[in-house]
1. Quick check: is even one residue across the stretch 80-89 of a type in the set (D, E), open to solvent by 60 Å² or more (accessible area, probe 1.4 Å) and under 27 Å from D140 (Cα atoms)?
2. Residues in the stretch 146-161: is at least one modelled with pLDDT of 90 or more, of a type in the set (A, V, I, L, M) and either assigned to a loop (DSSP other than H, G, I, E, B) or open to solvent by less than 90 Å² (accessible area, probe 1.4 Å) (or both)?
3. So which residues in the stretch 108-145 are open to solvent by less than 80 Å² (accessible area, probe 1.4 Å) and part of a loop (DSSP other than H, G, I, E, B), if there are any at all?
Amino acid sequence: MIDVLFTNITGWLAALTSDPSGIIGTPGTQAPPLSNVAADVATNVGYDVALPVTPAGGGISTLAMIAYAGVLLVAMYFLMFRGPRKREKKAREMQASLRAGDNVVVTGGMFGRIADVGEDCFVVEFGTNRGIRIPVLKSDVLGVREPKLTPPPRLEGEKDS
C-alpha cells in the first residue's frame, strides 16, 4: 500500500513539475478560450489529461484490511483488558481467602494482623502491642506478608542464643 501511495505521489509531482503545456493539450498549442474549456472538458473532446497511473494490483484487498483490523483488536484486547482483569480476579480471590490472624500489608505500606473480618472490610491491628485497630477496606489489602525486620545489633560481649 505504501508503494502505491509513493507511486501516486511521485506521479503527481512529476505532472506538476513538467511543462504546463503538456498537461492539458499538446505541447506548443495555444490554450482555448475559457468559455469553451468547460464544455470541452465535460465532453472530453480535444484534450489529453496526463494523470499518474497506478500499477495494476497495487492495493490491499478489503478482506486483508478487515483481517488486519481484527488482528489489531485481538492484540489490543489481550494487552489492555485481559491482563488487568486476571490480576483483579486474583486479588479478589486472595482478599476473599483472608481470615482472622493473617499478617497483611495494606496499600499505605503498613503491616498489620487481621483481627476481625467484616462484610466489606477487615479490622486490622497495627503496632507492636497490637492495640491500634483500624477498619480497612478489603480492596486496600495488597497481600499476606509479614515485615522483614532486621535483628537488633548485638553488643560486644553478647553470645548467640
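The values are calculated or read from the model by the stated rules, or taken from the named source; none is laboratory data. Just so it is clear, the structure is predicted and the values come from calculations on it, not from any experiment. Note: areas computed on protein heavy atoms with side chains; ligands, DNA, RNA excluded. Shrake-Rupley method; radii C 1.70, N 1.55, O 1.52, S 1.80 Å.
1. Our first condition is that a residue be of a type in the set (D, E); within the stretch 80-89, this holds for 88.
Narrowing the set further to residues that are open to solvent by 60 Å² or more (accessible area, probe 1.4 Å) leaves 88.
Filter once more, so that each one left must be under 27 Å from D140 (Cα atoms): 88.
For the stretch 80-89, residues of a type in the set (D, E), open to solvent by 60 Å² or more (accessible area, probe 1.4 Å) and under 27 Å from D140 (Cα atoms): present.
2. So in the stretch 146-161, the residues modelled with pLDDT of 90 or more come out as none.
Taking every residue of the stretch 146-161 in turn, none turns out to be modelled with pLDDT of 90 or more, of a type in the set (A, V, I, L, M) and either assigned to a loop (DSSP other than H, G, I, E, B) or open to solvent by less than 90 Å² (accessible area, probe 1.4 Å) (or both).
3. Once the filter is applied, which keeps residues that are open to solvent by less than 80 Å² (accessible area, probe 1.4 Å) and part of a loop (DSSP other than H, G, I, E, B), the stretch 108-145 yields G108, G109, G118, G127, R130, G131.
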